[in-house]
Amino acid sequence: MTPGALLLPQYSDLELAINTLVTEFHKAADDGPTMNTTQFQTMISNQLPGFAKTVENEAGLGQVLQQMGVQSGHNISFENFWALINKQAVQLFGTAHKEKSVRCGCLLQ
């Protein structure tokens with residue numbers, strides 16, 4: 001190693017994934033603590049295209065916001081977003097492991 005070179009920490013895939021979730025949320029929220037529904041729909045469209053059709057109309061968006069615990073007229077916090085990620089992770093895990101007897105008991109409390 002050359003003198004003065006910085007040692008960069010090695011992060012696990014999981015740590016990098018968590019960092020990506022937090023970074024993308026705050027980028028979509030224009031570095032704020034919450035985002036409005038337009039910012040949320042744009043982020044979903046860009047980052048979760050397989051899920052985007054769910055929130056492209058008012059009825060679908062309203063249902064997702066309710067599942068996330070967002071009250072009508074309120075902005076979306078990271079905690080709300082995390083509830084959505086939890087739900088999506090459990091569903092994806094279940095789909096990927098249908099043929100196996102493995103079940104995910106991951107529930108956000």
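Some values worked out for this structure:
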| quantity | calculated |
| --- | --- |
| Rounded to whole Hz, the Karplus (6.51, -1.76, 1.60) HN-Hα couplings of segment 17-32, x for glycine and proline | 5, 4, 4, 5, 4, 5, 4, 5, 4, 5, 5, 5, 8, 6, 6, x |
| Potential lengthening between residue 16 and residue 79 on full extension [0.36 nm per residue; Cα-Cα distance subtracted] | 20.8 nm |
| Modelled FRET efficiency - R0 25 Å, residue 59 with residue 86, Cβ distances, 0.05 increments | 0.65 |
| Karplus 3J(HN,Hα) series, Hz, for segment 74-86 with 6.51 cos²θ - 1.76 cosθ + 1.60 (x for Gly, Pro) | 9, 7, 9, 8, 4, 4, 4, 4, 4, 4, 5, 4, 4 |
| Qualifying GluC sites (Glu not before Pro) in segment 12-68, DSSP loop, other Cβ atoms within 10 Å at most 13 | 56 |
| Relative contact order of segment 13-96, defined on C-alpha pairs under 8 angstrom at six or more residues apart (%) | 25 |
| Under the Karplus curve 6.51 cos²θ - 1.76 cosθ + 1.60, θ = phi - 60°, whole-Hz ³J(HN,Hα) for segment 38-53, x wherever Gly or Pro sits | 5, 4, 4, 4, 5, 4, 4, 4, 7, 9, 10, x, x, 9, 4, 4 |
| Tensor-based shape of segment 1-94 (alpha-carbon gyration tensor, a/c under 1.5 rounded, otherwise prolate or oblate) | prolate |
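Read the figures in this text as sums done on the coordinates, not as results from a lab. These figures come from a predicted structure and were not determined experimentally. Cβ: placed from backbone, ideal geometry, glycine included. Neighbour counts: every protein chain shown.
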